[in-house]
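All of the numbers you see were taken from the coordinates with simple rules; none came from a lab. From a predicted model like this one, the values you see are computed outputs, not experimental measurements. Cβ placement follows ideal geometry from the backbone for every residue including glycine, while neighbour counts extend to all protein chains displayed.
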Amino acid sequence: MSREIIKTDRAPQAIGTYSQAVKSGTTVYMSGQIPLVPETMEMVGGDMRDQIKRVFENLAAVAEAAGGSLADVVKLNVFLTDLGNFPVVNEIMAEYFTEPYPARAAIGVAALPKGAGVEMDAIMEVTSVK
């Protein structure tokens, strides 16, 4: 099966040796997104709500570049430096997803790149193959 590298300027550029996403058949594997503003590559200002929203916006941009949307996400992984923010993730996630919701894991971690409080990656199924 072929692999297609997904890239968009509407999400932060990779800051390491990885791609924003890789599409294999109809499955898209999206790399972790932290709350970087794509235009500046700086962390979004504000509180944890702003960080979580920026991460969902970044994931949405990668999903669109791959030919889908957040509605096509089947698995979402959430990494938090403070699991006390989990209710905020649930609240904001409801603004970006409707039922049926994707499968999800929430994992507490000691630290994330660039001092982020949240990182998310996802797996998406799209209906067509290029």
Leading residue by the ranking (surrounded by the most Cβ atoms within 10 Å (Cβ to Cβ)) among those in the stretch 15-34 that are part of a loop (DSSP other than H, G, I, E, B) and touching a residue at least 60 places away in the same chain (Cβ under 8 Å) = Ile34
Restricting to the stretch 1-14, what's the tally of residues that are among the aliphatic types (A, V, I, L, M) and not in a strand (DSSP E or B)?
-> 3
Go through the stretch 50-84 and give me each residue that's touching a Lys or Arg at 6+ places or on another chain (Cβ under 9 Å) and among the polar types (S, T, N, Q).
-> Asn58, Asn77
Among the numbered conditions (1) exposed (fewer than 12 other Cβ atoms within 10 Å of the Cβ); (2) part of a helix (DSSP H, G or I); (3) hydrophobic (A, V, I, L, M, F, W, C), tell me where Ile52 comes up short.
-> (1)
Which of the residues spanning the stretch 61-87 are within 15 Å of Val22 (Cα to Cα), surrounded by 19 or more Cβ atoms within 10 Å (Cβ to Cβ) and hydrophobic (A, V, I, L, M, F, W, C)?
-> Val62, Ala63, Ala65, Ala66, Val73
Just give me the residues in the stretch 68-90 being free of Cβ contacts under 8 Å to residues at least 40 places away in the same chain and over 23 Å from Lys7 (Cβ atoms), in sequence order.
-> Leu80, Thr81, Asp82, Leu83, Gly84, Asn85, Phe86, Pro87, Val89, Asn90
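This table checks each residue for (1) surrounded by fewer than 17 Cβ atoms within 10 Å (Cβ to Cβ); (2) in a loop (DSSP other than H, G, I, E, B); (3) under 14 Å from the mean Cα position of the chain (by Cα); (4) of a type in the set (A, V, I, L, M).
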| site | (1), (2), (3), (4) |
| --- | --- |
| Val89 | no, no, yes, yes |
| Met93 | no, no, yes, yes |
| Pro100 | yes, yes, no, no |
| Ala106 | yes, no, yes, yes |
| Ala110 | yes, yes, no, yes |
| Lys114 | yes, no, no, no |
| Glu119 | no, no, yes, no |
| Met124 | no, no, yes, yes |
